[in-house]
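> I have a structure here, written as structure tokens, and I will follow up with some questions on it.
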Amino acid sequence: MKIFAKIANSMYFMAAISLILLSLWIMGWSLYQPFMAIRSFSLSINILLDSVGAIVISIAVLDLSKYLIEEEVYRNKELRSPSEARKTVTKLFVITSIAAGMEGLVYIFKAGNKDLTLLVYPGLLILLSSISIVCLGIYQKLSISVETIDQDINLKY
């Protein structure tokens, strides 16, 4: 079983390193595009919004790789308590919700410049991002209640 755990940790580590490299590549591209547009005197708001969107995505990817290294490589997954699992789920939800909300904001500005009828889709993205945060709050409330009940039961025995 230890061999499988080492193989799994190695794969998580390789995936995290790959995500870090891709995140840096996306970040580099998002800085390169406006720079080249400035040099050719063709900088537009759309190029800047594309760069902002790419930076938001690269940060979300970087956070995901950080999670993989912290939670899956360095920590022993067998020793997790319910509160640690709740904190891990919270991290992932927050990363995803913030990235989705930021992308929605970027797309609202893009749609506002092109066609106002396109504002529905980024608006839905922001709405769903907000709903996911509300769902996270409900999950937090329920899981803390269960942890408290579990601790009370353990103290009685």
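One line per residue, one yes/no per condition, for (1) open to solvent by 100 Å² or more (accessible area, probe 1.4 Å); (2) under 25 Å from ALA111 (Cα atoms); (3) not aromatic (Phe, Trp, Tyr):
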site	(1), (2), (3)
ALA16	no, no, yes
LEU22	no, no, yes
SER30	no, yes, yes
MET36	no, yes, yes
ARG39	yes, no, yes
ILE47	no, yes, yes
ALA60	no, yes, yes
SER65	no, no, yes
LEU68	no, no, yes
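> Closer than 21 Å to GLU71 by Cβ, open to solvent by 80 Å² or more (accessible area, probe 1.4 Å), modelled with pLDDT of 85 or more and part of a helix (DSSP H, G or I), is that true of TYR139?
It is true that TYR139 is closer than 21 Å to GLU71 by Cβ, open to solvent by 80 Å² or more (accessible area, probe 1.4 Å), modelled with pLDDT of 85 or more and part of a helix (DSSP H, G or I).
Conditions tested, residue by residue: (1) of a type in the set (A, V, I, L, M); (2) in contact (Cβ under 8 Å) with a residue 40 or more places away in the chain.
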site: PHE35; (1), (2): no, no
site: ILE38; (1), (2): yes, no
site: SER44; (1), (2): no, no
site: GLU72; (1), (2): no, yes
site: PRO82; (1), (2): no, yes
site: ARG86; (1), (2): no, yes
site: ILE95; (1), (2): yes, no
site: GLY101; (1), (2): no, no
site: GLY104; (1), (2): no, no
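> Then there is this: Looking at the stretch 92-108, is at least one residue within 23 Å of ILE47 (Cβ to Cβ), open to solvent by 60 Å² or more (accessible area, probe 1.4 Å), modelled with pLDDT of 80 or more and within 14 Å of the chain's Cα centre (by Cα)?
Among the residues of the stretch 92-108, at least one is within 23 Å of ILE47 (Cβ to Cβ), open to solvent by 60 Å² or more (accessible area, probe 1.4 Å), modelled with pLDDT of 80 or more and within 14 Å of the chain's Cα centre (by Cα), which makes the answer yes.
> I'm trying to understand the selection: among the residues of the stretch 1-13, which are loosely packed, with under 12 Cβ neighbours inside 10 Å, among the aliphatic types (A, V, I, L, M) and within 19 Å of ILE69 (Cβ to Cβ)?
Once the filter is applied, which keeps residues that are loosely packed, with under 12 Cβ neighbours inside 10 Å, among the aliphatic types (A, V, I, L, M) and within 19 Å of ILE69 (Cβ to Cβ), the stretch 1-13 yields only ILE7.
The values are calculated or read from the model by the stated rules, or taken from the named source; none is laboratory data. What you see is a predicted model, and the numbers here were worked out from it, not measured in a lab. Note: ideal-geometry Cβ built from the backbone for every residue, glycine included; neighbour counts use all protein chains shown. Each accessible area value is taken on the protein alone, full model and side chains, heavy atoms only, with ligands, DNA and RNA left out. Shrake-Rupley method; radii C 1.70, N 1.55, O 1.52, S 1.80 Å.
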